[in-house]
1. Among the residues of region 67-86 satisfying the criterion of being modelled with pLDDT under 90 and touching a strand residue (DSSP E or B) at 6+ places or on another chain (Cβ under 8 Å), which is farthest from residue 55 (Cα to Cα)?
2. Does residue 127 meet the test of being within 22 Å of residue 157 (Cα to Cα), aliphatic (A, V, I, L, M) and touching a helix residue (DSSP H, G or I) at 6+ places or on another chain (Cβ under 8 Å)?
3. Suppose we keep only residues that are among the charged types (D, E, K, R) and within 16 Å of residue 161 (Cβ to Cβ) within region 73-92. Which one would you say is surrounded by the fewest Cβ atoms within 10 Å (Cβ to Cβ)?
4. Taking interchain pairs and intrachain pairs at least six residues apart, which have beta carbon atoms under 9 angstrom, with the first residue in region 114-127 and within 28 Å of residue 146 (Cα to Cα) and free of Cβ contacts under 8 Å to residues at least 24 places away in the same chain and the second part of a strand (DSSP E or B) and among the small types (Gly, Ala, Ser)?
5. Does residue 131 meet the test of being within 22 Å of residue 60 (Cα to Cα), surrounded by 14 or more Cβ atoms within 10 Å (Cβ to Cβ), touching a Ser or Thr at 6+ places or on another chain (Cβ under 8 Å) and of a type in the set (A, V, I, L, M)?
6. Which of the residues belonging to region 134-149 are polar (S, T, N, Q) and either modelled with pLDDT under 95 or surrounded by 14 or more Cβ atoms within 10 Å (Cβ to Cβ) (or both)?
7. Could you say which residue among 152, 90 is modelled with pLDDT under 95 and among the hydrophobic types (A, V, I, L, M, F, W, C)?
8. Restricting to region 93-109, name every residue that is modelled with pLDDT of 95 or more and β-branched (Val, Ile, Thr).
Amino acid sequence: MIRSARTLPALASLALLVALSGCGLRPLYSNGSSGAAAKSLAGVRVDPIEGKAGWLMQNNLNDRLSAMGKGEPRYTLKVQLNDRIEGLGIRADDSVTRERRTLRARFQLVDTADDSTVLDETAAWDAGIDVVSSEYATVAAEDTALERLSQIVADRVISRIAAKTDK
């Protein structure tokens with residue numbers, strides 16, 4: 001009785017693995033830098049992006065793309081950013097106690113061969129910021145939030161591009 005209770009989960013796991021192998025799903029980044037996703041991402045060039053948020057975003061995108069290797073530029077990535085800070089918590093004296101910083105990136109992946117738009121999407125993320133009595137600390141928290149948001153949004157952009165170009 002104990003032996004059959006142990007083999008049942010093992011058999012169920014084996015059946016699940018067999019079923020998954022036939023579903024057509026495959027890892028996006030399989031075969032590392034020699035895989036299809038890495039090769040297509042290596043051929044993406046990022047156009048300059050305006051402003052401080054743009055500089056951070058462009059650096060994050062280039063860092064992720066350069067990790068895939070070097071390739072002939074097949075695609076151009078055009079990004080427009082919308083960086084917004086809004087007050088959320090407001091005291092009776094109209095002072096803000098909490099802010100939300102939102103970074104939204106509208107990005108277009110353009111095929112350089114025929115100037116056709118392969119992908120036109122938006123990626124966004126937000127972060128909460130406590131507003132404290134020290135203005136310096138609040139500005140530092142806003143800058144830190146922007147740095148983190150640009151990393152998160154860059155990851156989301158790269159994931160969507162990899163899924164689109166990995167065909």
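The values are calculated or read from the model by the stated rules, or taken from the named source; none is laboratory data. Worth saying up front: this structure is predicted, and the values here are computed from it rather than measured. Cβ placement follows ideal geometry from the backbone for every residue including glycine, while neighbour counts extend to all protein chains displayed.
1. 74
2. yes
3. Checking each candidate, the answer is 78.
4. Close Cβ pairs satisfying both conditions: 122/105.
5. no
6. 134, 138
7. Answer to the check: 90.
8. 102, the sole residue that qualifies.
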